[in-house]
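Here is the structure we will look at, set down as structure tokens.
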Amino acid sequence: MARVLLLLPTTTYRTPDFLAAAGKLGVNVTVASEEPSTLEGLNPEGLLTLDFQDPEGSARRAVEFARGHPIDAVVGVDEDTTVAATVIAEALGLPHNPVGAAYGARHKPTMRRLLSEAAVPSPAFRVFDRGEDPGRAAKAVSYPCVLKPTFLAASRGVLRADNREEFVAAWRRIERILDDPEVVARGSLRMPPGARRSSEPSREILVEDFIAGDEVALEGLLTQADLEVLALFDKPDPLEGPVFEETIYVTPSRLPPETREAIAQVASRGALALGLRDGPVHAELRVNESGPWVIEIAARSIGGLCSRALRFGTGMSLEELILRHALRVGMPSPQRERRAAGVMMIPIPRSGILQEVRGLEKARAVAGIEDVTISIHAGQRLVPLPEGSRYLGFIFSRAGTPERAEAALREAHASLEFVVD
Ligand code: ADP
Ligand code: CA
Ligand code: CA
């Protein structure tokens, strides 16, 4: 029986979906996580403690482990495990992305540089050190622009500035985020030789031209550098800033076929420019009169619980598809179901302690709604962007058309009431 090593960061939402997919495929699973599990002693071949920030150390441990329990595939879940998964797969002789490509997809300035060298449309950018004078930096860039940390996800710390004053304020706000001990820890990825970076990510502030346009998200799978598009999502709520809170994703895209084709081509060129060759990619692009622009390409699948919006063939989940791909289990070309599907990442209404969510029954009863999941418990703190990093919850819909899938999400959301103290 095949064995898959699943790298699950403590913050992931996706543990149950990946475990369910592995169960359905009937493969052995070893879960690698950062914190020693109290169960480790009981089930030594099912659990492995790894420090994902130390990819080479992780690879040594995995190789040692694999002597007793051979590993057939390594799957990294979410942004924080992509580099470690790649280095481990390389050490085990399994199909993998080049380590430098995985790092490029993880570190925004490296990604921008690689895209620009390959002439893939992507915003003009500059990297500053936080020690520099923001007043001077503000004079060196053009407006509107977007400031961001170089290694975070879920739009954390991403801020638009329309003038020098806003630039300096955004810079200060990002500095405070970069001082958060949890953020410092995430920024301290130890890179193997050959993929080493020049600067310290937790000191960097990336500034990019603001690209206007409609935003889409492309979910894809790479096989020998060939990109297969699994789904293209429209993001019908305008993302204009100053913060960029994600809300609704709807697939199939309502953009004209030639625009969708152009998006797939630019995403594919982007993946190639980064050097990605194998496994899932999640790309975000903006489309305007000059065509598609790459906002980013990550070497992982869609985040949060959003993958639940996708179903392939006869009821395959995205997680099953990813595991099959990693295990090289034959599968027909994955076709997403014919129906439209949507997911809403529920916006955080304001900061405070969540007391209660009302109207769940009503929201779940809206035609086309499949599920409403709240992922922050009563009594926990809600932190809006740009500081926040957790999703309040998810609403899922399915309908005959993307319009109806979107309308169902909006109606369900309108039925919810968030009591925040
Ligand atoms: P993260 O890795 O946190 O998701 P991104 O770089 O993808 O950060 O930025 C988050 C969102 O901010 C994007 O989805 C987009 O809506 C907006 N954004 C980021 N950079 C730009 C840009 N240069 N121009 C326009 N919008 C941007
Ligand atoms: Ca990202
Ligand atoms: Ca993003």
**Message:** One residue is enough: does segment 62-76 have a residue meeting the conditions within 21 Å of the chain's Cα centre (by Cα) and either under 27 Å from ARG203 (Cβ atoms) or within 16 Å of ligand 1 (Cβ to nearest atom) (or both)?
**Reply:** yes
**Complete:** Residue hits (segment 61-74; surrounded by 15 or more Cβ atoms within 10 Å (Cβ to Cβ), touching a residue at least 24 places away in the same chain (Cβ under 8 Å) and in a helix (DSSP H, G or I)) are ALA62, PHE65, ALA66
**Request:** Keeping to segment 142-173, report how many residues are of a type in the set (A, V, I, L, M, F, W, C) and either open to solvent by 10 Å² or more (accessible area, probe 1.4 Å) or within 16 Å of ligand 3 (Cβ to nearest atom) (or both).
**Result:** 10
**Message:** What pairs come out if I take residues in segment 141-169 that are free of Cβ contacts under 8 Å to residues at least 12 places away in the same chain and pair them with residues that are part of a strand (DSSP E or B) and within 16 Å of ligand 3 (Cβ to nearest atom) whose C-beta lies under 9 Å away, six or more apart or interchain?
**Reply:** ALA169/LEU159
**Message:** For the list (1) open to solvent by less than 20 Å² (accessible area, probe 1.4 Å); (2) on the phi > 0 side of the Ramachandran plot, I need the number of the one condition that VAL183 fails.
**Reply:** (2)
**Asked** When only residues in segment 211-226 that are open to solvent by less than 60 Å² (accessible area, probe 1.4 Å) and farther than 15 Å from GLU284 by Cβ count, which is farthest from ligand 2 (Cβ to nearest atom)?
**Response** ALA225
**Item:** Exclusive hit being at pLDDT 95 or above and either in a helix (DSSP H, G or I) or within 16 Å of ligand 2 (Cβ to nearest atom) (or both), set GLU208, GLU182
**Value:** GLU208
**Fill in**
A careful count of residues in segment 131-140 that are open to solvent by 50 Å² or more (accessible area, probe 1.4 Å) and in contact (Cβ under 8 Å) with a residue 60 or more places away in the chain gives 1
**Request:** Tell me which of these SER198 doesn't satisfy, since it passes every other one: (1) more than 21 Å from the chain's Cα centre (by Cα); (2) among the hydroxyl-bearing types (Ser, Thr, Tyr); (3) modelled with pLDDT of 95 or more; (4) part of a loop (DSSP other than H, G, I, E, B).
**Result:** (3)
**Prompt:** Got a number for residues in segment 77-92 being within 14 Å of the chain's Cα centre (by Cα) and open to solvent by 20 Å² or more (accessible area, probe 1.4 Å)?
**Reply:** 2
**Prompt:** So which pairs qualify, if the first residue must be in segment 366-392 and among the aromatic types (Phe, Trp, Tyr), the second must be surrounded by 17 or more Cβ atoms within 10 Å (Cβ to Cβ), the Cβ gap must be under 8 Å, and the two must be at least 6 apart or on different chains?
**Reply:** TYR391/TYR13; TYR391/ALA154; TYR391/GLY304; TYR391/LEU305; TYR391/MET345; TYR391/ILE346; TYR391/ILE376
**Request:** Could you list all residues from segment 142-169 that are closer than 20 Å to HIS107 by Cβ and away from ligand 2 (no atom under 16 Å from the Cβ)?
**Result:** CYS145
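The values are calculated or read from the model by the stated rules, or taken from the named source; none is laboratory data. Please read all numbers here as calculations on a predicted model, not as lab measurements. In this analysis, Cβ positions are derived from the backbone assuming ideal geometry, glycine residues included, and neighbour counts consider all displayed protein chains. The area values use the complete protein model at the heavy-atom level, side chains included, leaving out ligands, DNA and RNA. Shrake-Rupley method; radii C 1.70, N 1.55, O 1.52, S 1.80 Å.
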